[in-house]
Amino acid sequence: RLCSGRRRYRQCAAEGCPPGDGGSMRCQQVSVLYFARSAELAGLRCETLSVPRQITSLQLWEEIVKVHPRLAVIQDQVVFAVRQEYVLLGDQLLVLQPGDEVAIIPPISGG
């Protein structure tokens, strides 16, 4: 497992993920990996967060920004990789499983 760093257990956006909700809002522990500028802004390379099982990519970003407000400055350029698949920020619904890895990939310059 790539993320053996700090763990943060936050109440997910579903306000406690009520039991008996059919699993749609239950919290999942996911590993969030930060690269390049996102690691600088967050102040760490990885952590574990608790988020709803079903969440849009934009809502997931907003949950991460609540924990690390400095990341807001790269919102317009960032993409996620969820289970090693690129995901743009928007209304795309993600169905997360326990232990999924979410990589924060900031803009990369080069020539």
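The values are calculated or read from the model by the stated rules, or taken from the named source; none is laboratory data. Here the structure is a predicted model, which means the values were calculated and not measured. Positions of Cβ are backbone-derived with ideal geometry, glycine not excepted, and every protein chain shown enters the neighbour counts. The accessibility values were calculated without ligands, DNA or RNA, using every heavy atom of the protein model including side chains. Shrake-Rupley method; radii C 1.70, N 1.55, O 1.52, S 1.80 Å.
Points worth noting:
- Remark on Leu94: its backbone amide H falls under 5 Å from those of Ile55, Thr56, Ser57, a criterion applied only to residues 5 or more positions apart or on other chains, H modelled at 1.01 Å from N.
- Rounded to the nearest 20 debye, the dipole size of the range 27-105 about its Cα centre is 140 debye, using +1 on the Cβ of Lys and Arg and -1 on the Cβ of Asp and Glu.
- Relative packing of 79-89, 61-71, 44-54, which averages over residues the other C-beta atoms within 10 Å, highest first: 44-54, 61-71, 79-89
- Entry comment: accessible area of the range 27-105 is 47 Å² per residue, from protein heavy atoms only and a probe of 1.4 Å.
- Close amide-amide hydrogen proximity is noted between Gln28 and Val51, Arg53, each under 5 Å apart and 5 or more residues distant or on a separate chain (H modeled in the peptide plane; Pro and chain starts excluded).
- For the range 48-111, convex hull of alpha carbons as volume per residue, Å³: 95 Å³
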